[in-house]
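Chemist: Can you read through this structure? Questions will come right after.
The values are calculated or read from the model by the stated rules, or taken from the named source; none is laboratory data. This structure is a prediction, so every number in the text was calculated from the model and none was measured. Ideal geometry is used to build each Cβ from the backbone, glycine not excepted, and the neighbour counts take in all protein chains shown.
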Amino acid sequence: NFMLTQPHSVSESPGRTVTISCTGTSGSSASTFVQWYQQRPGSAPTILIYDDERRPSGVPDRFSASIDSSSNSASLTISGLQTEDEADYFCQSYDSNNRWVFGGGTKLTVL
Amino acid sequence: EVQLVQSAAEVKKPGDSLKISCKGSGYIFRNYWIAWVRQMPGKGLEWMGIIYPGDSDVKYSPSFQGRVTISADTSISTASLQWSSLKASDTGRYYCARSDGGWGDYWGQGTLVTVSS
């Protein structure tokens, strides 16, 4: 089964840049695009990035993402870190049958 | 404005049945998939399944197949998630999310389900 692996936690100082990785493992179902969600404490997830690197309207351009096909991995980069960015971040992908899978999530601490 | 409004928190006993709901508004309900996602206390997101209200096509995660039933009623723009016999391990928050292309663009506020004897 296809799985997505993220680091459990990352931390960085305000104003700096942090990158969160999401690595896919091989499985029987081919993955398609990667999405990223932000979940602040006590709130529902919200979409940050879809289709690998596209940003919905309203999401600041401090949030960006990329794909490295050679290593079957995706990355979310947050620049100019703010204290409000402290949250859990989840990557997600789906297969050709519209079955989704989430990464385990990464807790971002802004020190 | 697109909104997904979920039903209120539930406290149930093991063996009870339960149906929670997710009402969509501000868009054509039948034209978008609705996904269900579980979040156990202090844990990550788990995809449970997805339904297309327009034709009731449903896909389940192998982890939840046979444990839950996903349905939708287009006449009231509402999707539902139900259990016939709850277990303590079903305790968690359940989210619905609208989907157009393999990801959730709008999410409900979540329904907290507590199963305890």
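Chemist: At pLDDT 95 or above and closer than 22 Å to A:VAL59 by Cβ: does that describe A:SER9? Even if it seems obvious, please write down each step before you answer.
Modeler: Details: at pLDDT 95 or above: yes; closer than 22 Å to A:VAL59 by Cβ: no.
Against the criterion (at pLDDT 95 or above and closer than 22 Å to A:VAL59 by Cβ), A:SER9 does not qualify.
Chemist: Let me ask something else. How many of the residues making up the stretch A:36-77 are in contact (Cβ under 8 Å) with a residue 40 or more places away in the chain and within 10 Å of the chain's Cα centre (by Cα)?
Modeler: Total meeting the criteria: 8.
Chemist: Step by step: first the residues of the stretch A:75-97, then only those that are out of contact with any Gly (no Cβ under 6 Å at 6 or more places or on another chain), more than 16 Å from A:SER9 (Cα to Cα) and surrounded by 14 or more Cβ atoms within 10 Å (Cβ to Cβ), then the one that is nearest to the other protein chains (Cβ to nearest Cβ). Which residue is that?
Modeler: My answer is A:GLN92.
A quick yes/no check of all residues on (1) touching a residue at least 12 places away in the same chain (Cβ under 8 Å); (2) under 20 Å from B:SER84 (Cβ atoms):
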site	(1), (2)
B:ALA8	yes, no
B:LYS12	yes, yes
B:LEU18	yes, yes
B:CYS22	yes, yes
B:TYR27	yes, no
B:ASN31	yes, no
B:ALA35	yes, no
B:GLY42	no, no
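Chemist: Hey, another quick one. If you check B:GLN39, B:GLN3, which single one turns out to be of a type outside the set (Phe, Trp, Tyr), within 14 Å of chain A (Cβ to nearest Cβ), under 20 Å from A:CYS91 (Cα atoms) and under 15 Å from the mean Cα position of the chain (by Cα)?
Modeler: B:GLN39
Chemist: Here's something else I'd like to know. Quickly run through the stretch B:93-117 and pick out the residues that are crowded, with 20+ Cβ neighbours inside 10 Å, over 18 Å from B:LYS23 (Cα atoms) and either within 14 Å of chain A (Cβ to nearest Cβ) or within 10 Å of the chain's Cα centre (by Cα) (or both).
Modeler: Answer for the stretch B:93-117, where residues must be crowded, with 20+ Cβ neighbours inside 10 Å, over 18 Å from B:LYS23 (Cα atoms) and either within 14 Å of chain A (Cβ to nearest Cβ) or within 10 Å of the chain's Cα centre (by Cα) (or both): B:GLY102, B:TRP103.
Chemist: Any idea how many residues of the stretch B:4-35 are in contact with a helix residue (DSSP H, G or I) (Cβ under 8 Å, 6 or more places away or on another chain) and either among the acidic types (Asp, Glu) or assigned to a strand (DSSP E or B) (or both)?
Modeler: Just the residues of the stretch B:4-35 that are in contact with a helix residue (DSSP H, G or I) (Cβ under 8 Å, 6 or more places away or on another chain), to begin with: B:14, B:23, B:29-30.
This time we only want the ones that are either among the acidic types (Asp, Glu) or assigned to a strand (DSSP E or B) (or both), so: B:23.
The number of residues fulfilling the criteria is 1.
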